[in-house]
Every structure is written in C-alpha cells, then in structure tokens.
Amino acid sequence: MNRQNGTQRPYDVVLFGATGFVGALTAEYLAAHAPSGCRWAVAGRDRAKLERLRERLTAIDPHHTDLPLLHADADDAHALRELAESTHVVATTVGPYVWYGEKLVAACAEAGTDYADLTGEAEFVDRMYLEHDARARETGARIVHACGFDSVPHDLGVYFTVQQLPQDVPLTVDGFVRSNALFSGGTFASALTAMGRGPRMLRAARERRLHEPRLVARRARAPLGAPRFSAETGTWALPLPTLDPRVVERSARALARYGPDFRYRHFASVRHLPVALGGTAAIGALLGAAQVPAARSWLMGRYEPGRGPDAERRGRSWFTVRFVGAGGGRRVFTEVSGGDPGYGETAKMLAHSALCLALDELPPTSGQVTTAAAMGDALLERLRSAGLRFRVAAAR
Ligand SMILES: NC(=O)c1ccc[n+]([C@@H]2O[C@H](COP(=O)([O-])OP(=O)(O)OC[C@H]3O[C@@H](n4cnc5c(N)ncnc54)[C@H](OP(=O)(O)O)[C@@H]3O)[C@@H](O)[C@H]2O)c1
C-alpha cells in the first residue's frame, strides 16, 4: 500500500538499470530472494537487453517467464514519471548519477515514490537535496541515496556501534575500511566523473550547508582525520574523503541516539607503509588526470561500461570495516564484514534496501534520508540474515 494515500500500485519494486553490470546482479538477487507475493519488475532503455536478462532470470526460477519489462530512458521525464507512478519503490543503478540521475529523483519526489540508488557522488546527493528534498517531504517520498557499499556498511556499522555505547553522552567513532576488491567500468566512470568535478562538488556542498537547518542543542561532525599509524587496528590509517562520512554525519543529525555531541572519522586501513604511500600517489595521479578532459576520456575508454570483475574474482573479494567507538567511559570495537563489496554485496544491499522500503514497518521519515535514519534496525537485520556480519569484537 502507498503510505500517503493508501492506494495500491501495480508494483512493489521496480529495478531501473537492470541490464548493467550491478543491475543484472541485483536482478538475479531479487529473482532468487524476493519473497513470493512481492510484485517486482525490471526497467531499462534497451528492450532486447531486458528480454535477454529475463531469459537468464527464468533459468534461475521458471516463475520469471512473465516478469514485467518496463521501458524508460533516463532522459525521458514523461516515461520516468509513469515508471515512478507504477510502483512503491524504484531502485536504480543508472549512473554516473550526476549525468543520468536527476530526472528519476524528480519523478519519485513528485509521485511520492520511495527511491534507492547506488551513488557515491557527493555533488549529486547535495544537488538532489537542494532541488527535491522539499517536494519529497510534501509527497512523503523517501529518497535514499548510497544503498550499496557506499555507504551501507559505514552508515549501519556506525549505527550498530552507537547502540553499544551509553546514551545521552558525547560519542566518537572512527571507521577503518579494508578490501581487496576490483571495480567495474560503471564505477570507474562514476569515480572519474566525480574527480573531474571538484569545484562543482564544493559549490553544491556549500549551498547545502547554507540551506540545511542548523541542529539545535546538539552537534554532529565528520571532520577529515589526519594520516597516522592506528594502534587500535595495527594498520596505517589514511583519511578517506568519500561520501560515507557525510552520510554518517547526516544519520547523526537525524537520530538523537547519537547523543549531544557526535564525531565520526573515516579512514582507509592499510597494513604496510609502502602500500599506503603507493596508493596515495596513485589516487593523486588519477585525481590530476581527471582534471584534463582528454586524459579523462582516455582513462574511461580503458574500462568498458557494462563490464566488471568475473564471478571467480568476485568470489575471492572481501571487505571489513572496523569501528572504534568511545563515550561515557566505555570503549567498543565493532566490525562489519562481507564478501565482494562493490558487486555481490552491493547488489544484496540495494535489493534489501528496496525490499525494506517496500515491505517493512519503518519509522516515519520523508525527503532525503540516510539508510540508518530511514531503515535502521530493519535493514540491519535483513543484511545479517543475508550473510553480512555485524559484530562486537571487544568492549571495555
Ligand atoms: N555504491 C557502490 O558501492 C557501487 C557499487 C557498484 C556500482 N556503483 C554505481 O552503480 C552505477 C552502475 O554501475 P555498473 O557497474 O552497473 O555500470 P554499468 O554496467 O555501466 O550500468 C549502467 C546502467 O545504466 C544504464 N543506462 C545508461 N544510460 C542510460 C540511459 N540514458 N537511460 C537508461 N539507462 C541508462 C545502462 O543501460 P544499458 O545496459 O542499456 O547500457 C546500464 O543498465 C555506477 O554509477 C556505479 O558507480 C556503486
């Protein structure tokens, strides 16, 4: 049922971009795990590709011979409006989002439809806040960005860590991320696009800060930490200025449980100093190249869209995020871990975010909301049941 007016729509969940690399993995996950009775459909811009995808899904489960295929281009506002009105939730993998994402967010905000994506692009998230948060609040739509490895393990990992700490006291949490995974053409294109738009990203962040209401009698911060050797994890900690700390900060703003004064710092965790130095130099070089249009196009041509690590490589991939939380005289060490972060686990996180928004009893929220604020415990329990590990390693 639609939360706003109680009307029934044809679908519970529509997956847009189902023919891409992570889109197809998400479709396969839904084909295998969506509960019976959940009415879902796949959408994309290419009918022939959608037909081929459905054949693959039918091989997983013959019930999918009649899976509805919806046609829409990310540039077609009218088709996106029809798509948004046909379902309670849209999950989208059509990126880079800063190029292809806005019209769908606008359609969902207008239609009161819940929305989940995989963006890690801070500029896109800030622009969508500025343009569509107010309308989504009016219609009741929940616009939930970053429902993949960006930023679910970090956002829900901090949410889980905070639950292990005392209430109503200042809290600090540091997160340390490690992984051995590779990326797809689509992720590489999105990362390079974001790196090439630094000034626009800073402008959007500044405008958002001016626009966002101030917190009253509470503080929530996510400052960039300094590089250091972390005795807690026994690794080198390098500050990681991704979207993740911004998402955690927004969850802390939204949820009083994070206490009167909350601080989060986000780090990449690297065992050996030469690897830390080499990685920093490589990212610096990529950032430099992304500023030069010719170099950016050349780099994008190295990784084709629609392709990514194969099943064997994904099977060997893993991630861990360790958290050190402190406050009120207590210290807690927690960990979130799983398999291939960018694809296998991301497909799982997006699929469960969409199912959670469509089917679960959730706190009342609307507008642009984080995974922790919109879905908190319900999504955490879903992901645990699906094999992601959230655990307390030690407390004192
Ligand atoms: N947060 C995370 O941890 C995480 C992890 C993985 C991926 N991602 C993000 O997810 C996005 C997808 O990644 P990917 O590797 O799956 O990329 P991909 O394989 O290139 O897939 C992109 C999808 O977008 C569709 N598309 C492109 N232009 C379109 C348009 N004008 N209208 C409708 N559909 C359009 C493509 O359709 P066709 O099939 O017809 O070409 C395809 O389905 C990227 O932005 C990536 O950064 C995030």
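The values are calculated or read from the model by the stated rules, or taken from the named source; none is laboratory data. Keep in mind it's a predicted model, so treat the numbers as computed, not measured. With ideal geometry, Cβ positions are generated from the backbone for all residues, glycine too; neighbour counts draw on all protein chains shown. Side chains are part of the model used for accessible areas, which takes the heavy atoms of the whole protein and leaves out ligands, DNA and RNA. Shrake-Rupley method; radii C 1.70, N 1.55, O 1.52, S 1.80 Å.
What the table below lists for this structure:
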{"quantity": "Segment 106-169 pair-distance distribution - Cα-Cα, 10 Å bins, rounded %", "calculated": "21, 38, 29, 12, 0"}
{"quantity": "Burial ranking of peptide ranges 105-114, 227-236 (average Cβ count within 10 Å, highest at the top)", "calculated": "105-114, 227-236"}
{"quantity": "Carbon + sulfur, % of accessible area of segment 134-176 - ligands and nucleic acids excluded, 1.4 Å", "calculated": "45"}
{"quantity": "Computed label-point distance, nm, for sites residue 8 and residue 271 using a 7 Å Cα→Cβ extension", "calculated": "5.6"}
{"quantity": "Kirkwood-type radius of the chain, with distances r between different C-alpha atoms, in Å", "calculated": "21.4"}
{"quantity": "Segment 140-208 - Rg (one decimal) and Dmax (whole number), Cα, Å", "calculated": "16.2, 45"}
{"quantity": "Loop-resident sites, segment 27-80, for trypsin sites (Lys or Arg not before Pro), counting at most 15 other Cβ within 10 Å (DSSP)", "calculated": "none"}
{"quantity": "Lys, Arg +1 and Asp, Glu -1 on Cβ, resulting dipole of segment 218-373 about Cα centre, debye, nearest 20", "calculated": "560"}
{"quantity": "Per residue, in Å², the accessible surface of the chain once ligands and nucleic acids are set aside, probe 1.4 Å", "calculated": "44"}
{"quantity": "Helical mean residue ellipticity (222 nm; -39500 (n - 2.57) per DSSP H run of 4+; nearest 500) of the chain", "calculated": "-14000 deg cm²/dmol"}
{"quantity": "Residue order for 159, 100 - accessible surface, 1.4 angstrom probe, largest first", "calculated": "100, 159"}
{"quantity": "Normalised convex hull volume, segment 1-140, alpha-carbon set, Å³ per residue", "calculated": "98"}
{"quantity": "Spacing of the two label points (7 Å from each Cα toward its C-beta) at residue 76 and residue 318, in nm", "calculated": "4.5"}
{"quantity": "Efficiency of FRET between residue 395 and residue 131 - r from beta-carbon atoms, R0 41 angstrom, step 0.05", "calculated": "0.45"}
{"quantity": "Relative contact order of the chain, pairs being alpha-carbon contacts under 8 Å that are 6 or more residues apart, as %", "calculated": "21"}
{"quantity": "214, 265, 322, reordered so the largest accessible area comes first (probe 1.4 Å)", "calculated": "214, 322, 265"}
{"quantity": "Positive-end residue, the chain charge dipole about Cα centroid, Cβ charges, pick of 371, 229, 179", "calculated": "229"}
{"quantity": "Label point distance in nm, residue 39-residue 282, each placed 7 Å from Cα along Cα→Cβ", "calculated": "4.8"}
{"quantity": "Cα-based radius of gyration of segment 255-378 once divided by 2.2 N^0.38 Å, which approximates compact folds", "calculated": "1.41"}
{"quantity": "Dmax and Rg, reported as Rg then Dmax, of segment 41-81 (C-alpha, Å)", "calculated": "11.4, 33"}
